[in-house]
Structure formats: C-alpha cells, structure tokens
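The values are calculated or read from the model by the stated rules, or taken from the named source; none is laboratory data. Please read all numbers here as calculations on a predicted model, not as lab measurements. Methodologically, a virtual Cβ is constructed for each residue, glycine included, from the backbone with ideal geometry; neighbour enumeration extends over all protein chains shown. We work out accessible area using only protein heavy atoms, side chains counted, and drop any ligands, DNA or RNA first. Shrake-Rupley method; radii C 1.70, N 1.55, O 1.52, S 1.80 Å.
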Amino acid sequence: MTEQHQRLGAGRYIDAAQAPDSTVISMHELSTADGAKVSGVLRVVPGARTVVTLMHPRQDLTHHVLVPELLARGFAVWTQGTRSVNNDIALVHEQALLDAAAGQVFLREKGFEHVVTLGHSGGGTLFAFYHQQAGLPAGERLARTPAGRPIDLAGAQMPLPDAAVFMAPHPGQGALLLRLIDPSVTDETDPLSVDPGLNPFDPANGFAEPPHSSSYAPEFVTRYRAAQRERIARLDAIARERVAEAAEARRRYKSTSDPADHRASLAPRVLTVYRTDADLRFTDLSLSPNERPYGSLLGRRPDLTNYGLVGFGRFATPDAWLSTWSGLSSNADFLRCAPALTAPSLFVELTGDQACFPEDATTMVDALGSVDKTHVRVAGTHFGGPIHDGAPTGASLAAADIGAWLATRFA
C-alpha cells in the first residue's frame with residue numbers, strides 16, 4: 001500500500017459490511033424536468049447529515065457494494081437509476097443529466113446539509129458531466145444533443161453537489177468504446193467480416209493462445225488505434241445519415257400529413273454494432289501495465305466474448321450512439337468535463353482495473369479543476385473485487401479511504 005493510502009487510514013476497511021439495523025429505507029419515484037419518471041432508494045442512518053448519491057447511466061445500483069460500507073460509516077446513501085436502466089438502447093446522456101438533476105433536487109428538499117456524488121465506472125463520467133453543466137449559468141448549458149435534438153438543460157433545476165468521489169471511473173462510455181471496438185470489421189452487416197491485417201486475435205499480429213499474454217508490435221498498436229477511430233467515424237456517419245432521414249420524414253409529415261411519413265419519422269433505425277470487446281490491453285498485459293488479470297470486463301476470453309451478444313454499445317438508436325457511445329461525438333467525456341469540476345474531489349484508482357488504466361487515472365486527476373483533490377490507489381479489480389484470493393476486496397479498501405476523506409470534510 002502506498003504512503004498516501006496509509007495516511008488516509010487504509011486499515012479501516014470492513015469486509016462484507018452490514019448496514020446498521022436502524023437504517024430507514026424508502027423508495028421514491030421522481031419526475032424529471034422534461035416529464036420522465038425515474039426512481040431511487042434512500043437509506044438513512046440516525047444522525048446522517050451527509051448523503052452520498054450513486055448513479056450509473058445504464059445500471060441499477062440499488063445493491064451496489066459500497067452501500068453498506070457507507071451506511072456503516074454514518075452516511076446516508078441515495079441510489080438512483082436513469083430512465084434507461086438495464087435497457088440503454090435509447091440512452092441519451094443529456095437526458096440522463098435531467099434524471100440526475102431530479103435526484104439532486106430531491107436530496108436538497110430532504111434537508112441534507114451536504115450532497116456528495118459517487119461515480120463508479122461509467123457513473124464517474126455521468127457525474128463529471130453533471131457537475132460541468134450544473135456549474136454553468138443556465139443560458140450557457142447545452143441546448144442540443146449531438147444528434148441535434150433540443151434538450152432543455154437551461155430550464156431545469158440543477159443543484160451543484162458539494163463534493164465528488166470517483167471510484168474506478170473510465171473516461172466515458174464513448175471514450176471507452178473507442179479503445180474497445182474491433183477495427184478489423186470490414187462490413188457492418190456481417191459480424192464475421194475481418195481485415196486480417198487488423199485482426200487482434202490472429203497470431204500473425206502478435207496474439208497468443210489464452211491465457212498467455214500476447215505481444216503486439218508498436219507499429220501494429222499504432223495502426224490498430226488509428227483504425228479504431230476510423231471505424232467510430234464511419235459509424236458516426238451512418239448514425240447522422242439516419243438522424244437526417246428521420247428529420248426529413250418529420251419535415252414531410254408537417255406538410256403532407258401522410259401517415260407513411262409519420263411512421264417513417266418514428267422508425268428508430270437502430271444501429272447494430274458488432275465486436276466491441278477488443279482492447280489490445282486485454283490480451284497484451286505489457287500495454288499499460290498494472291495488476292489486472294488477463295481478459296476483459298466481460299470475461300477471460302476476449303477472443304470469444306468479442307463475437308458474442310453481450311457487449312458495450314451493441315444496439316443503439318442513432319441519437320444514443322452519438323450521445324453515449326461515440327468517442328468522437330459524445331459530450332459525456334471525463335477529460336472534457338473535468339476542468340469545470342471545482343468541488344473537492346477524491347479519485348480512487350484500483351490497481352487491477354481493466355477500464356481505467358494507470359495513465360488514464362493520472363490524466364483524469366490532472367484534468368480535474370478542483371483545488372482540493374486527492375488521488376489514492378487501492379488493490380482491487382474494476383468492480384471492487386480482491387486483487388487475489390484471500391485479499392481484502394477493492395471495494396472495502398476503497399470504502400475506508402472514501403469514509404476517511406468524507407469525514408475530514410463533512411464530519
């Protein structure tokens with residue numbers, strides 16, 4: 001453990017922490033500024049004056065591993081979903097900000113003295129994006145999504161949180177996919193199409209049979225990453241073409257009132273994006289070295305999971321693709337948003353992370369606009385598991401640092 005970790009009280013972790021018996025739990029449905037419905041769970045322990053809010057753009061965090069850890073340390077916890085929980089096909093991050101804002105308004109109305117955001121994984125960029133937009137004068141907030149759809153952030157109440165905690169945050173859904181996507185796909189309608197010269201799972205390019213670490217030549221890595229950007233750009237062009245088709249159908253319908261034009265304007269034109277589990281660092285552990293195991297977030301065989309149904313950004317409307325999954329078009333990018341985040345900030349890096357690598361963490365911390373910012377490293381994997389069998393979980397170690405950091409600022 002680092003000296004910085006020890007200074008923050010690394011020994012104060014609680015394995016499998018339990019919420020105090022006196023915890024009061026309530027469920028709430030909230031209305032957003034644009035009329036959507038979102039729900040959340042509030043857990044309060046006696047005397048809690050600070051509430052920590054956990055949120056992710058795509059996942060249900062009701063039973064997040066940090067919930068009992070934070071309650072055991074005397075903090076209230078609010079876990080909330082977006083309107084796209086567990087079904088992100090239409091996830092537009094600008095709308096997710098309105099979802100987050102509804103939760104922030106609710107917590108202020110409940111009378112908590114301090115509200116702290118805690119973003120784990122994709123929740124990190126969601127909250128960085130929220131801090132950025134909430135900190136702007138209403139008239140300077142985004143008025144359109146990357147697809148050109150109007151979004152009324154200016155008309156929404158967006159209370160600014162008092163602090164931000166990040167645990168294993170990756171640089172954003174789009175930035176993540178930019179390095180996960182397989183650039184060897186040559187035909188977007190064929191999941192098996194491949195350019196042999198870019199195939200990351202071909203021994204001719206440096207791939208080794210799992211679980212042996214591959215060894216990709218620097219020239220291949222450079223060419224591969226450039227091709228990843230080119231594939232994202234091609235998909236962006238397809239998405240924008242489909243957005244334009246829908247807009248043209250809406251324009252026609254206004255003048256013709258033809259039901260066929262109306263149907264054409266409503267057709268979602270969903271993108272199917274094949275093979276999105278192919279970051280070279282999953283199979284070549286010499287790239288961005290840390291304590292991660294071989295494999296990806298989805299499994300120990302990226303050469304197989306890359307071809308499977310489950311994966312990031314597999315299905316998306318054109319609006320959702322441009323807003324969430326495009327590393328070239330999305331506004332929800334940690335490095336873009338971080339300079340505007342000036343609240344006290346804690347960044348917890350996990351040493352075995354497979355989504356936030358060491359150089360990512362350093363760059364992201366440096367980008368934060370906070371004067372009061374702390375960067376700690378704890379042993380663990382991306383989802384808070386132990387770095388090896390028998391070790392404390394990364395989540396329990398992170399919780400010790402998070403609890404100590406919060407206590408010094410919001411006792």
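Backbone amide hydrogens, once placed in the peptide plane, bring Asp284 within less than 5 Å of Ser214, excluding anything fewer than 5 places away on its chain. With contacts taken as Cα pairs under 8 Å and at least 6 residues apart, the chain reaches a relative contact order of 19 percent. The residue among Ala249, Ala340, Ser286 whose Cα reaches farthest toward the positive pole of the charge dipole of region 235-371, with charges on the beta-carbon of Lys, Arg, Asp and Glu, is Ala249.
Note that region 295-367 presents 31 Å² accessible area per residue, ligands and nucleic acids not counted, probe 1.4 Å. Of all beta bridges that DSSP places with both ends in the chain, some 40 percent have antiparallel geometry. Split the accessible area of the chain by element, probe 1.4 Å, and carbon with sulfur accounts for 54%.
With the helix formula -39500 (n - 2.57) applied to DSSP H stretches of n ≥ 4, the chain reaches a computed 222 nm mean residue ellipticity of -10000 deg cm²/dmol. Just want to confirm a number: the relative contact order over region 59-213, from Cα pairs under 8 angstrom separated by 6+ residues, in percent. RCO, region 59-213: 18 percent. Taking amide H as placed 1.01 Å from N in the peptide plane, the amide H of Asp60 sits under 5 Å from that of Asn86, each at least 5 places away or on another chain.
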